[in-house]
Ligand SMILES: [Zn+2]
């Protein structure tokens, strides 16, 4: 049973909050109500940068916050708590989202013939390439037809890969949600086996 790993979560955090987000996540996890000034100091970020990332986290309910007014300075200080349970949900959600986007992309790749510049300046559909007489409008080189089969296969493989991981994680998540049932099932199986084996063998070995 493969559960959601720390890497899955950090990848998701980066996707949601950008490159500085992982540092914030590492500080927040396993803690509660962490003062934003402490985060800022440890990561050498400004309060604004931190609040921007927290805002992105909030959109996915990844954090909860409380605030207190600093009486001397008159401004609010925020305290953040990371929501680990929600993190797992978001990992699954983003994988589904990724598949959806790739499927859209696949549709588009399948519907058109693409031509591209050997210098990788442009990539055009057949219709657009014809308008430019198959000449790159950036560097003047002749555009080449792309290998459609190869392009679509790459996307298909990618979708298969993400879907396999998603299925694995969903299975693990659902098994985690009903541990008691699983436990009972296992017990029953062991019970039946014991009956089968005990019938042909005489019980003399046991004292
Ligand atoms: Zn070019």
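The numbers here are math on the coordinates, done by the rules we state, and not lab data. These figures come from a predicted structure and were not determined experimentally.
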Check your understanding: Measuring from centroid to centroid over Cα atoms, what is the spacing of the range 1-75 and the range 79-157 in Å?
Key -> 32 Å
Check your understanding: Using the Cα gyration tensor of the range 88-175, with a ≥ b ≥ c the square roots of its eigenvalues, what is the shape: rounded (a/c below 1.5), prolate (a/b larger than b/c) or oblate (neither)?
Key -> prolate
**Study point:** Sequence-separation-based contact order of the range 6-82, relative, with Cα cut under 8 Å and 6+ spacing, percent
**Key:** 33 percent
